[in-house]
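I have placed the structure first, in the form of structure tokens, so that the comments after it can refer back to it.
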Amino acid sequence: MQATMQATGRIIFNTVVLYAKIIICMGISLYTIPLVFHALGSSDYGIYNLISGIISMLAFMNGAMTISTQRYLSVTIGENNPEKLLQVYNQSILLHILLGTVVVVIIEALTPFLFSFHILNIPAEQTGTARLLIHYMVASMFFTIITVPLDAVLNAYENMLVFSITGIIEATLKLILALSLPLFLTGRLPIYGFCIALIAVILFLIKYIYCYRKYKQLRINFEACRNRKLFGEITGFAGWNMLTTLAVVGRIQGLAIVLNHFLGTVANAAYGFAIQVNGVLSYFTGTIQKSVNPQLMESEGTRDSNRQLELTIGLTKYSTLILCIIALPLLLELPYIFKLWLGEVPENSIEFTRAIIILALITQTSAGLMSVVQSSGKLKWYVISISTTLFCTLPIAYILLAGGTAPVWALWTACITEIVAVALRLYFAHRLKGIPVLLYLKKAVLPNLLLMLIIGTILWGFIQLMEVSLTRVILIVLFDVVLYLLLSWHLIFSSSEQMYLKTSIKRIREKC
């Protein structure tokens with residue numbers, strides 16, 4: 001019991017640290033985005049979002065390997081096996097260097113085809129700039145890939161303080177870059193791409209130096225790379241993970257290509273804003289995931305199924321709760337918020353962003369399920385089922401847009417396929433890890449759905465009583481937070497969780 005309380009305390013501390021980072025990074029990010037947009041203009045900003053999206057889609061291995069490395073490091077820590085831990089660390093580094101090199105070669109080889117066959121709808125006078133931007137984005141992507149083992153080490157050891165500091169450094173460097181762009185009279189887009197790549201190099205060096213000095217048990221050791229069986233395990237696990245990650249990234253970035261094909265680069269600017277908002281939302285939801293995942297993975301190593309079930313339900317319940325708190329005011333007041341934040345925005349920006357927020361909410365209802373299935377290591381049929389479902393988004397969206405439907409239906413299609421994916425995740429979590437379906441829905445999903453409907457109805461009624469203004473937005477946000485704090489205590493928190501929170505608050509007061 002004492003160990004569980006200490007583990008829960010670590011989760012709370014890490015969550016607080018990460019949320020402090022989020023508040024700082026989000027503030028910087030929200031200020032940076034309009035600076036970059038106005039400095040580059042709609043067309044160049046659209047090109048940047050299109051190119052960076054394609055690179056992300058083709059570099060899908062990065063996300064897959066993050067999960068794979070995290071899983072093996074955390075499980076090995078749970079097993080308390082230092083020799084195997086050293087092997088996992090070294091083999092993950094070797095694997096990432098190999099993957100980074102392969103992906104660079106693939107992207108550079110495919111680049112001529114993107115322009116020769118007019119796959120990308122980019123003005124002729126800007127194709128040279130777009131080609132140069134791809135080279136810079138490839139360099140950025142390579143250093144991001146080889147940084148993954150270092151991020152996994154920080155996550156596995158639950159060192160969220162350093163993880164947060166490096167995130168703030170990254171956001172600050174991007175802000176400095178955005179403020180500097182107006183100083184350049186020409187060539188802003190390639191300069192921006194070059195500097196983004198340079199920032200990736202700087203972050204890699206910072207994390208490598210820190211991990212080298214902090215974790216002396218983890219050293220580059222060529223002998224540790226000779227365990228072919230373990231290398232095959234990690235590679236096989238990553239291989240299935242890659243297909244899932246390709247489906248997730250391909251759905252989002254593939255839609256960017258579909259929209260570009262029918263509507264041009266200005267639509268990519270509108271879609272880019274939606275993705276930026278989704279990125280901000282993922283800051284909040286990803287924070288709890290980063291705090292909980294190491295312990296959820298470790299519980300696989302210690303064979304503690306009760307703790308794993310508790311963490312699975314808690315991860316979904318609390319990450320969904322936080323996302324709902326943020327998403328409701330955005331959904332209701334998005335036109336005014338965009339006007340205040342960005343001024344005039346490209347057509348479809350509001351519709352795209354609202355659909356992306358709904359998509360994020362649907363996805364979040366299976367956050368714990370994704371983590372617990374990953375911990376099992378048995379991914380074959382899970383990956384095939386989820387990937388096939390998510391990939392269906394692209395051909396359906398293409399057919400709809402070719403038939404003349406509104407562009408936003410491309411994103412509503414993603415929402416529909418995501419609902420099917422959530423049902424599949426629930427099925428596989430039950431089959432592979434014995435997660436009770438009704439218990440999961442009762443404790444993790446339905447309370448949040450009910451709470452969002454109640455508070456959403458109250459806020460919508462309040463909106464009808466006031467004219468659009470900054471005052472109304474502020475009041476909506478305040479009412480949203482207050483209502484969630486009051487109602488979630490009764491609808492979301494269990495009696496044991498209420499008791500734990502009361503005890504924690506009492507201890508904090510005593511120390512103060």
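Rule-based calculations on the coordinates, nothing more; no lab input. Here the structure is a predicted model, which is why all the values come from computation and not from measurement. Cβ atoms come from the backbone with ideal geometry, glycine included; neighbour counts cover every protein chain shown.
Candidates Asn268, Ala130, Ala109 compared by Cα position along the dipole of the stretch 12-511: farthest toward the positive end lies Ala109, with charges placed on Cβ. Given R0 = 25 Å, the distance between the Cβ atoms of Ala406 and Ile23 translates into a calculated FRET efficiency of 0.10. Partner aspartates and glutamates whose Cα lies under 14 Å from the Cα of Lys378, excluding those fewer than 8 positions away in the same chain, are identified as Glu233, Glu300.
When all alpha-carbon pairs of the stretch 12-511 are counted, what percent fall beyond 39 Å? In whole percent, the long-distance tail amounts to 23.
Label positions at Cys225 and Thr471, each projected 7 Å from the Cα along the C-beta direction, are separated by 6.6 nm.
Here's the picture: charge each Lys and Arg Cβ at +1 and each Asp and Glu Cβ at -1 in the stretch 12-511, and of Ala327, Ser371, Thr166 the one pushed furthest to the positive end of that dipole is Ser371.
Pairs to check: Lys214/Lys317; Lys229/Lys380; Lys21/Lys207. Give those whose C-alpha atoms are more than 23 Å from each other in this structure.
Values: Lys214/Lys317 34 Å; Lys229/Lys380 19 Å; Lys21/Lys207 17 Å.
With Cα atoms farther than 23 Å apart: Lys214/Lys317.
Applying a DSSP loop filter and a limit of 14 other Cβ atoms within 10 Å to the trypsin sites (Lys or Arg not before Pro) in the stretch 153-243 leaves Lys216, Arg219.
Distance between the pseudo-spin-label points of Lys216 and Thr457 (7 Å out from Cα toward the beta carbon): 6.3 nm. In the stretch 314-380 the Cα-Cα distances spread across 10 Å bins starting at 0 as 19, 37, 25, 14, 5 percent of all pairs. Derived value for the stretch 150-212: Kirkwood hydrodynamic radius 13.0 Å. Basis is the mean of 1/r over every pair of different alpha-carbon atoms. Dipole magnitude for the stretch 12-511: about 1360 debye, using +1 per Lys or Arg Cβ and -1 per Asp or Glu Cβ, origin at the Cα centre.
Between Leu110 and Val201, the distance separating the two model label sites (each 7 Å from Cα on the Cα→Cβ line) works out to 2.5 nm. If only the Cβ of Lys and Arg carry +1 and only the Cβ of Asp and Glu carry -1, the dipole of the stretch 94-196 around its Cα centre is close to 240 debye.
On the beta carbon distance between Ser180 and Glu344, with R0 = 25 Å, the FRET formula returns roughly 0.55. In this calculation the C-beta distance from Leu450 to Ser282 is compared with R0 = 25 Å, giving a FRET efficiency of 0.55. Overall shape: oblate for the stretch 347-500, with the ratio a/c of the largest to smallest alpha carbon gyration tensor axis at 1.5 or above and b/c at least equal to a/b. Here the scattering of the stretch 402-467 is modelled by Debye summation over its C-alpha atoms, one equal scatterer each and no solvent; at q = 0.13 Å⁻¹ the log10 of I(q)/I(0) is -0.65.
Only one residue of Val16, Met466, Leu478 has its Cα farthest out toward the positive end of the dipole of the stretch 12-511, where Lys and Arg carry +1 and Asp and Glu -1 on Cβ, and that residue is Val16.
Ignoring aspartates and glutamates fewer than eight residues from Lys339 along the same chain, the ones with Cα atoms less than 16 angstrom from its Cα are Glu347, Glu351, Glu467.
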